[in-house]
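The values are calculated or read from the model by the stated rules, or taken from the named source; none is laboratory data. As the structure is a computational prediction, the values presented were derived from the model and not from experiment. Quick reminder, even Gly has a Cβ in these numbers, built from the backbone with ideal geometry, and neighbours come from all protein chains shown. These accessible areas exclude ligands, DNA and RNA; they are computed on the full protein's heavy atoms, side chains included. Shrake-Rupley method; radii C 1.70, N 1.55, O 1.52, S 1.80 Å.
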Amino acid sequence: MKTWALYSLKGGVGKTAAAVNLAYEAAAAGRHVLLWDLDPQGAASWYFGIDEPAGISAKKIVAGSVPLGRYVQPTAYERLSVLPGDRGYRQWDAEIHAAKSPRKVLERLIEPFSETYSLLILDCPPGIGALATAILRAADRVLVPVVPTPLSLRALDEVLEHIAEKKVGKTRVRPFFAMADRRRRLHRQLIEQPPESMAQAPDVFIDYSSHVEQMGTHRAPVRAFAPRSRAATQFTELYRALD
């Protein structure tokens, strides 16, 4: 099982939209996918039709007193399941700090899912803390959506610095431009002449799109309701570039 983490220091950069659509694309391509919504707001879960909180306790999960797999829910899409977000996740950082082996907490929780799934996608909350560091250690690939602006690029630099500081050697960071508005000169310039920090980015980027906004209306990945849209094509191409 491979683990991809959608992570950014900043909110509002298209992270959850990318997690939902990449999970859908991977399942459509034949992989057995689990999307773990690590954000207490549970937006990714909501997109897949999950309304009720699962009542998950971060303390019990980290302690190992409750099996995480019991909370997994199927979606309307073949080969795609969701581990829902929950308000109880607000205590992640404190519980990981208190664990006997904080570096290995997430890897220990993830390992049993390898028997069922070939791809685990983590939709991560913004910020840097114990959970973020655990994610960076556990993920095979960290996908960082970057809006083509200096502030968003600065957030990417901080992620790279944090990885270097924590000596997370195996982490492979793949940034990509998201919420790009090519009507804006700055966005066009940064896409056409990306900085060195975007050297590992695929050629594909995600436009700022009304179809992405409509995910909230349809509560579905873009290709499920607008298969011929540019956004659907871009998410398909992004998955293929990352796979």
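For this structure, a couple of remarks:
- Meets criteria (in contact (Cβ under 8 Å) with a residue 24 or more places away in the chain and within 29 Å of Ala220 (Cα to Cα)) for Val82: yes
- Total residues in region 114-162 satisfying the condition of being of a type outside the set (Ser, Thr, Tyr), open to solvent by less than 20 Å² (accessible area, probe 1.4 Å) and in contact with a strand residue (DSSP E or B) (Cβ under 7 Å, 6 or more places away or on another chain): the figure is 19.
- Taking helices (runs of 4 or more DSSP H) as the structural unit, those lying wholly within region 92-191 and holding at least 2 residues that are modelled with pLDDT under 95 and within 26 Å of Val204 (Cα to Cα) correspond to 130-138, 150-166.
- For region 66-88, a residue qualifies if it is under 16 Å from Leu122 (Cβ atoms), in a helix (DSSP H, G or I) and small (Gly, Ala, Ser), and exactly one does: Gly69.
- When region 192-201 is limited to residues that are assigned to a loop (DSSP other than H, G, I, E, B) and crowded, with 17+ Cβ neighbours inside 10 Å, the one that is farthest from the chain's Cα centre (by Cα) turns out to be Pro194.
- When Gly69, Gly55, Gly11, Gly42 are checked against the criterion of being surrounded by fewer than 20 Cβ atoms within 10 Å (Cβ to Cβ) and either at positive phi or among the acidic types (Asp, Glu) (or both), a single residue qualifies: Gly55.
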